[in-house]
Amino acid sequence: MAIIRFLESIQSALAADQVISDPDRLTIYSHDWWPLSAKLRRLGRHPHLPEAVVFARSEADVVAVAQAADAAGIPLTPWGLGSSVTGAGLPTRGGVMLDLSKLVGEPALDLVNHTVTVPAGVLGLTLEGQLERSGFTLGHSPQSLDRSSVGGWVATMATGQFSSRYGGIEDLLVGFRLVRADGEVLDLRAHPRAAAGPDFRQLFIGSEGTLGIVTEVTLKVFPKPEHRLVEAFRIPSIEKGLAAIRQISQSGLRPFLVRLYDASEARYATRNKDIGSPVLFVGHEGLREVAEAEHACARRMIVANGGASIGSEPAETWLGRRFDFSTVERYLDATGGYAETIEVAGDWSTVGELYTAMTTALAPLADEVLGHFSHIYPQGTSLYVILLGHADTDEAAAERIRAIWAAAMDATIGAHGELSHHHGIGLARKPYLAAQNAGVTRLARQIKSVLDPKGLLNPGKLFDV
């Protein structure tokens with residue numbers, strides 16, 4: 001068997017404790033944080049089992065595993081910290097899971113160029129803590145900061161809660177090292193910008209391990225801001241709120257915090273069940289004079305659109321609990337409980353229609369449908385929808401989650417939105433990619449055939465057949 005040939009060939013390169021083949025331990029790797037996967041775990045179903053798991057402790061380990069998998073013709077699925085909420089790291093064709101969680105080390109902080117270089121398996125929260133002790137910050141703060149790795153951020157094209165100021169991972173990334181399917185190592189970086197042909201970094205960002213395996217990442221860092229101020233506002237309608245945040249973005253202001261909640265989610269965001277209207281959180285940070293001037297300008301735009309300040313406390317309280325995922329976890333842990341988080345994006349001219357289409361299509365499928373807009377650009381914004389509900393059984397809950405995805409993706413395509421803003425594609429969105437752009441699908445498959453001619457890297461994902 002191919003897996004036996006692989007294990008035999010890798011024995012000399014790795015220690016015995018770097019390989020797992022025990023069936024009970026393998027089931028851990030057949031589930032991530034995708035809510036559908038969580039319900040299948042409760043049902044005792046493990047549809048995405050690897051045949052073996054290998055831990056990489058160095059880039060050399062990754063090279064050795066890739067070469068052995070290539071020689072044996074066996075699928076190789078990279079696994080970061082398992083925090084994907086779309087099934088991006090689940091093996092679809094057995095084979096070997098390459099666990100990168102032990103690919104860690106001390107950050108190399110460059111005080112002159114304001115960059116940091118770390119191995120791909122480093123936990124985001126660990127890196128942020130190390131930088132803060134040196135007076136810096138990543139500016140990258142996804143809700144999964146305490147359960148995701150820097151390599152995973154690159155692989156899934158992640159973004160953070162403060163992206164309206166700092167940008168997504170594609171903006172923060174200086175360079176990275178990557179191992180191809182045949183074991184070749186590529187070093188991709190720009191100093192600080194390169195025009196020697198195409199920017200090949202962009203080819204691999206968001207490729208979810210289908211084109212290569214990230215082993216080391218260099219990111220921008222920023223001095224810790226000397227001043228921060230936040231404020232919350234009641235907003236008369238979603239339309240007025242969208243107008244306000246569009247004006248803020250298109251005026252060139254760079255708030256670190258922008259979160260526009262519809263009336264349903266505002267009750268949770270403010271912890272006030274009687275709030276009764278949409279709510280907008282806005283915050284600015286940096287040099288004191290600049291932050292205060294920008295906040296005053298943003299405040300003026302919000303008030304001009306009917307906003308009324310309710311003080312800083314709601315936004316400050318949210319900042320203190322912004323990594324809390326417990327509501328979703330609590331629903332998923334209950335028999336018949338289900339929850340889902342789906343983020344899409346749209347242009348300013350169509351995002352209102354997208355919000356209406358999404359919430360209308362999803363309303364019959366959950367007890368609560370909550371919506372907010374939290375990443376803004378001069379041309380548009382993200383839309384994040386949270387669904388909470390209870391079914392009679394876990395089986396029914398799993399079916400409901402499947403129905404939710406179908407309704408959400410159909411609504412997004414119908415409203416000319418983007419299928420994903422920052423959670424990636426994984427297994428959840430894969431069936432809808434070709435429907436959004438058949439031409440891109442054909443091109444992506446051609447690129448995959450060149451970079452991974454045997455189709456071994458994370459097969460069954462993205463544009464793979």
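Mind sorting D199, D99, D392, D70 by how few other Cβ atoms lie within 10 Å of their own Cβ, fewest first? Please list the in-between numbers first.
Working: D199 13, D99 23, D392 9, D70 20.
So the ranking, lowest neighbour count to highest, is D392, D199, D70, D99.
Quick check: net charge around R288, other residues with Cβ under 10 Å of its Cβ, Lys/Arg +1 and Asp/Glu -1? Overall, the nearby charge balance is -3.
Would you work out if segment 2-99 is rounded, prolate or oblate? Take a ≥ b ≥ c from the square roots of the eigenvalues of the alpha-carbon gyration tensor; rounded if a/c is under 1.5, else prolate when a/b is larger than b/c, oblate otherwise.
Details: a/c = 2.10, a/b = 1.86, b/c = 1.13.
Judged from the Cα gyration tensor, segment 2-99 comes out prolate (a/c at least 1.5, a/b above b/c).
Neighbour counting of Cβ atoms within 10 Å sorts the residues Y29, Y377, fewest neighbours leading, into Y377, Y29. Given the C-alpha centroids of segment 225-241 and segment 364-420, what is the distance between them in whole angstrom? So the two Cα centres are separated by 24 Å. Taking the C-alpha atoms only, the angle from helix 394-414 to the longest principal axis of the chain is near 70 degrees. Does segment 394-465 classify as rounded, prolate or oblate by the C-alpha gyration tensor (a ≥ b ≥ c root eigenvalues; a/c under 1.5 gives rounded; else a/b over b/c gives prolate, otherwise oblate)? It is oblate, given that a/c is not under 1.5 and a/b is not larger than b/c.
Sort S134, S37, S101 so the one with the fewest other Cβ atoms within 10 Å of its own Cβ comes first. Let's see the in-between values first.
On the way: S134 14, S37 27, S101 18.
Fewest-to-most Cβ neighbours within 10 Å comes out as S134, S101, S37.
Among [x] 22.3, 69; [y] 21.0, 65; [z] 50.1, 161, only one was calculated for this model; which label is it, if the read-out is Rg and Dmax of the Cα atoms in Å? The listed entry that was calculated here is [x].
Please determine, in degrees from 0 to 90 and to the nearest 10, the orientation of helix 288-304 with respect to the longest principal axis defined by the Cα atoms of the chain, where the helix direction is its Cα long axis. Result, in degrees: 60.
Length gained on full extension, Q130 to R300, computed as 0.36 nm times the residue gap minus the Cα-Cα distance: 57.5 nm. For a label point 7 angstrom out from the Cα of D187 toward its Cβ, which stretches of segment 218-241 have the backbone nitrogen within less than 16 Å? Backbone N within reach: 218-219.
Please identify the longest segment of the chain free of exposed trypsin sites (Lys or Arg not before Pro), where exposed means a DSSP state other than H, G, I, E or B and no more than 10 other Cβ atoms within 10 Å.
Values: sites that count: R193, K273, R321.
The longest uninterrupted stretch comes out as 1-192.
Put a dot 7 Å past the Cα of V290, heading toward its Cβ, do the same for H390, and the two dots end up 5.1 nm apart. From the Cα gyration tensor of segment 300-425, with a ≥ b ≥ c the square roots of its eigenvalues, which class applies: rounded if a/c is under 1.5, or else prolate if a/b is larger than b/c, or else oblate? Because a/c hits 1.5 or more and a/b fails to exceed b/c, segment 300-425 counts as oblate.
Given a Förster distance of 22 Å, report the FRET efficiency between D24 and V104 from their Cβ-Cβ distance, rounded to the nearest 0.05. Mind dumping the intermediate values first?
Numbers: r = 26 Å, r/R0 = 1.16.
For R0 = 22 Å, the calculated efficiency reads 0.30.
Just so you know, all these numbers are worked out from the coordinates, no wet-lab data involved. Values in this document were obtained by computation on a predicted structure and should not be read as measured data. A quick note on method: Cβ atoms are made from the backbone with ideal geometry, for glycine too, and the neighbour counts reach across all protein chains shown.
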